[in-house]
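Report on the structure given below.
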Amino acid sequence: MAMNLTQKLIAAHLLEGEMIQGQDIALRIDQTLTQDATGTMAYLALEAMDIPRVRTELSVAYIDHNTLQCGFENPDDHQFIQSVCRKFGVRYSRPGNGICHQVHLERFGKPGKTLIGSDSHTPTGGALGMLAMGAGGMDVAVAMGGGAYHIPMPKVFNIRLTGKLNPWASAKDVALYLLRILSVKGGVGAVMEWSGEGIKNLTVPQRATITNMGAELGATTSVFPSDEVTRVFLAAQGREADWQELSADEGAEYDRIIDIDLADVKPLLACPHSPDHVKEAAALSDIPVTQVCIGSCTNSSLADMLRVAAILKGKKIKDTVSLSISPGSRQVLTMLSRCGALEDMISAGARILECACGPCIGMGFSPSSGGVSVRTFNRNFEGRSGTRDAQVYLASPEVAAASALTGFITDPSTLGDAPVIAMPEVFAADDSGVLMPADPQEAVKLTVQRGPNIKPFPKGEPLPDTLAAKLTLKVGDNITTDHIMPAGAKILPFRSNVPKLSEFCFTVCDEQFPARALQNKRSFIIGGMNYGQGSSREHAALAPLHLGVRAVITKSFARIHVANLINAGILPLTFKNPEDYDLLSQDEDLVIENIYAGLESGEMTLRSLTTGKEIPLLCSLTKRQGDMLKAGGLLQYTKEMAE
């Protein structure tokens, strides 16, 4: 039987289950990555599992999110992660070495391997022909301990490319083009598999931009074949031995086919406040810009940076614009310095930031009040930039650089001929920024360094057969994990301190929620469509857990967040009839009975003790997920299974 590439990658790593759409499958994981905003919790979970050494082929901890050190909290987290890595067999990428997805693409990703990371943009690795998926920190900890990673067998969408991009169009525009077609929830439960003659005209960094932005579709992951383009990239990194050719079989079948002629793609932007609110740059040319940010895991490759430098060369940015540029890795920064491109950027008026996530997660460089910021990032959710009323547009490096020069959103084709960029045949490979772990004999003698801000991993309670609680919060559609658990420089330092972090939970929607939830002791939350989209941060489940949230009932969930809720021991349910959402009001007293029977049948009933109304619910969980909830979450379940 002919297989598509996704099926081949899954079949090669399948430990349990059958490749039947929607059924639970367990996968062997070859590589893991963490970053410091989620990594502390992942390593606390690993410690709690009492496993002396990671069992993956490769695990890397990256320090790239919480690099702003305004107090002891972030440095303490980094020290903790470094000591855990040294003891447990994980490589440690130091602050300044680069953004996790960019560095992993350059130095560690391998075609044909599986990768999960505690960051939703881990699918970037699909540019190399990897099955790379974002996951919660607890899932990553289990994989590091040698456990399987469970997902529903996904659908597979085939995105067939023909033609070649016009000189001023970019891979970012391709990603936005697809978002305009599918929306931020159009990829839920599916893998985006890219193919066609047009992919030969896309470099690995361009493919990485596309797979990175696939996370905004809600997709399980995105993947390109591993072909001659892949081989050339790995050879330039000194890693040609890691290459293997991978592609779909001729005659492979897909659940949906979408055809895109690259010649039809124009410079695009995602308008506030969603990545799928896409318009052509030419239609937005009357909008003045106050800030431009270039970088992030989406657009910080050497090719992106050289393109920006060529546009800025010999020019000055508009007096009314503040421009930041964040190279994606130390390798990129080094090569920019050597070829003179860095000087071109600085001379144009750019502020060069360190090789880190920075403004993308609200870690510095926030826009002015009501300011318009054009960013080469992947998300523009309200308030994510650190400024609540900022108007954030997502764009390609070309659109961003052009807008910095003119002071207005600018279609770069108005600048004249596009610069032609020559890429080096050999990249400046230097892995000295990645520290190796201690050998096993030395590791047993080491102790983990733990600062006062690092609190124990929160534990869920075993799920009872009856849950009674107050409806403490009702929210609408497309609630993101930034709504549930905001990021930013003021909040991120508490990512290893859930009790403190929970004080900010849902305050974007309702500033009184944390206090009200603690007062109610047990809570239900009601949400609309696509609840929990965005970042993989499991803190969006752990903070509600600490506040007493026992169940979340929505019209639909985003993939990673529903898994994180289950991992934390919070019951996720959906309305059988979505219109029943309108029957419930905040502060009602609710009860769900016969939960155990409902876990088996897939249906439960929510009863309002306030109004007497009964509302049918769906409980689309596997037996394993039900057992996890009964145990109180993934950690307790893992311990019980090990006994």
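To the nearest 10 degrees, how steeply does helix 330-339 sit against the main Cα axis of the chain, on a 0 to 90 scale?
10
Where a Cα-Cα gap under 20 Å defines reach, which lysines qualify for Lys113, not counting those fewer than 8 residues away within the same chain?
Once the sequence-local lysines are set aside, what remains near Lys113 is Lys8, Lys155.
Could you tell me how many cubic angstrom of Cα convex hull volume the range 1-76 has per residue?
Cα-based convex hull of the range 1-76, divided per residue, equals 146 Å³.
Quick one: 3J(HN,Hα) in Hz for the range 503-512, Karplus 6.51/-1.76/1.60 with θ = phi - 60°, rounded, Gly and Pro as x.
For the range 503-512, the Karplus-derived couplings read 5, 9, 4, 6, 5, 4, 8, 7, 5, 8 Hz, x marking Gly and Pro.
About the Cα centre, and with charges only on the beta carbon of Lys, Arg (+1) and Asp, Glu (-1), how big is the dipole of the range 453-602? Nearest 20 debye, please.
Dipole magnitude for the range 453-602 comes out near 680 debye.
On a 0 to 90° scale, report how tilted helix 559-568 is relative to the longest principal axis of the chain, with both axes built from alpha carbons and the result rounded to the nearest 10.
The two axes meet at around 40 degrees.
In straight Cα distance, which aspartates and glutamates are under 16 Å from Lys316, not counting same-chain residues fewer than 8 positions off?
Glu343, Asp344, Glu398
Highest first, please rank the peptides 104-110, 525-531, 211-217 by the mean number of other Cβ atoms sitting within 10 Å of their residues. Could the numbers behind the result be given before it?
Details: 104-110: 25.6, 525-531: 23.0, 211-217: 29.0.
Answer by packing, highest mean first, reads 211-217, 104-110, 525-531.
How large is ³J(HN,Hα) for each residue in the range 98-104, as worked out from phi by the Karplus curve 6.51 cos²θ - 1.76 cosθ + 1.60 (θ = phi - 60°), to whole Hz, x for Gly and Pro?
x, 6, 3, 6, 5, 5, 5
So, by mean Cβ neighbours within 10 angstrom, what's the order for 381-390, 124-133 with the highest one leading?
Details: 381-390: 20.3, 124-133: 29.8.
Averaged packing, sorted descending, gives the order 124-133, 381-390.
Which of Lys172/Lys313; Lys172/Lys500; Lys110/Lys630; Lys455/Lys576; Lys87/Lys110; Lys459/Lys623 have a Cα-Cα distance over 32 Å?
On the way: Lys172/Lys313 22 Å; Lys172/Lys500 37 Å; Lys110/Lys630 38 Å; Lys455/Lys576 39 Å; Lys87/Lys110 25 Å; Lys459/Lys623 21 Å.
In this structure, Lys172/Lys500; Lys110/Lys630; Lys455/Lys576 lie more than 32 Å apart at Cα.
Using packing as a proxy for protection, rank 68-76, 402-410, 564-572, 444-452 so that the peptide with the highest average count of other Cβ atoms within 10 Å comes first.
By packing density, highest mean first, the sequence is 564-572, 402-410, 68-76, 444-452.
Check the straight Cα-Cα distances from Lys474 and name the aspartates and glutamates below 12 Å, setting aside those fewer than 8 residues away within the same chain.
Asp510, Asp582, Asp587, Glu588
Rounded to the nearest 20 Debye, what is the dipole magnitude of the range 136-187 about its Cα centre when Lys and Arg each give +1 and Asp and Glu each give -1 at the C-beta?
Working: 6 positive and 2 negative charges, 59 e Å.
About 280 debye.
Quick one: what Rg and Dmax do you get for the range 253-313 from the alpha carbons, in Å?
Cα only, the range 253-313: 15.3, 48 Å (Rg, Dmax).
Based on Cβ point charges of +1 for Lys and Arg and -1 for Asp and Glu, what charge dipole magnitude is obtained for the chain about its Cα centre, in debye rounded to the nearest 20?
Taking the Cα centre of the chain as origin, the dipole is about 1140 debye.
Answer with one residue from Thr605, Val229, Ser502: the one whose Cα lies farthest towards the positive end of the charge dipole of the chain, charges on Cβ with Lys, Arg +1 and Asp, Glu -1.
It is Ser502.
Provide Rg over Rh for the range 419-483; use the alpha carbon set for both Rg and the Kirkwood Rh (inverse mean inverse pair distance). Mind dumping the intermediate values first?
Details: Rg = 25.0 Å, Rh = 20.4 Å.
Rounded to two decimals, Rg over Rh is 1.23.
Could you put Glu614, Glu193 in order, starting from the residue whose Cβ has the fewest other Cβ atoms within 10 Å?
Fewest to most other Cβ atoms nearby, the residues stand as Glu614, Glu193.
Which of Ser373, Ser556 has the fewest other C-beta atoms within 10 Å, and how do the rest follow up to the most?
On the way: Ser373 28, Ser556 19.
Ordered by Cβ neighbours within 10 Å, fewest first: Ser556, Ser373.
Multiplying the sequence separation of Glu600 and Arg53 by 0.36 nm and subtracting their Cα-Cα distance, what value in nm do you get? Please list the in-between numbers first.
Details: separation 547, 0.36 × 547 = 196.92 nm, distance 3.61 nm.
That works out to 193.3 nm of additional length.
I'd like to know how the range 467-642 sits against the 2.2 N^0.38 Å rule of thumb: what's its Cα Rg over that expected value?
Compactness ratio reported: 0.97.
Show the residues, 5+ positions off or on another chain, whose built amide H is closer than 5 Å to the amide H of Phe408.
Val289
Can you run the Rg to Rh ratio on the chain? Use alpha carbon positions and the Kirkwood inverse-distance Rh.
With Rg and the Kirkwood Rh in hand, the quotient comes to 0.95.
Hey, can you grab everything whose amide H is under 5 Å from the amide H of Gln35? Only 5+ residues off in sequence or another chain; H modelled, so Pro and N-termini drop out.
Close amide H contacts, sequence-distant or interchain: Tyr62, Ser118.
Which whole-Hz couplings ³J(HN,Hα) result when phi for each residue of the range 219-230 is put into the Karplus expression 6.51 cos²θ - 1.76 cosθ + 1.60, θ = phi - 60°, listed in order with x for Gly and Pro?
Values per residue, Gly and Pro as x: 6, 4, 5, 10, 8, 10, x, 9, 10, 4, 4, 5 Hz.
Is the shape of the range 314-369 best called rounded, prolate or oblate, per the rule: a/c under 1.5 gives rounded, else a/b larger than b/c gives prolate, else oblate, with a ≥ b ≥ c the square roots of the Cα gyration tensor eigenvalues?
Here the range 314-369 falls in the oblate category.
With unit charges on the beta carbons (Lys and Arg positive, Asp and Glu negative) and the dipole taken about the Cα centre of the chain, which residue among Leu302, Gly129, Ser183 sits farthest to the positive side?
It is Leu302.
Check Leu435: other-chain or 5+ apart residues with amide H under 5 Å from its amide H, H built from backbone geometry?
For Leu435, whose amide H was placed from the backbone, the distant partners under 5 Å are Tyr92, Ser93, Arg94.
Please order Met335, Met19 by the number of other Cβ within 10 Å, starting at the fewest.
Met19, Met335
Sort the range 219-358 into rounded, prolate or oblate with this rule: let a ≥ b ≥ c be the square roots of the eigenvalues of the Cα gyration tensor; rounded if a/c is under 1.5, and if a/c is not under 1.5, prolate when a/b is larger than b/c, oblate otherwise.
The shape class here is oblate.
None of the figures in this text is laboratory data; all of them are computed from the coordinates on show. If you're wondering where the values come from, they're calculated on a predicted model, not measured in any experiment. With ideal geometry, Cβ positions are generated from the backbone for all residues, glycine too; neighbour counts draw on all protein chains shown.
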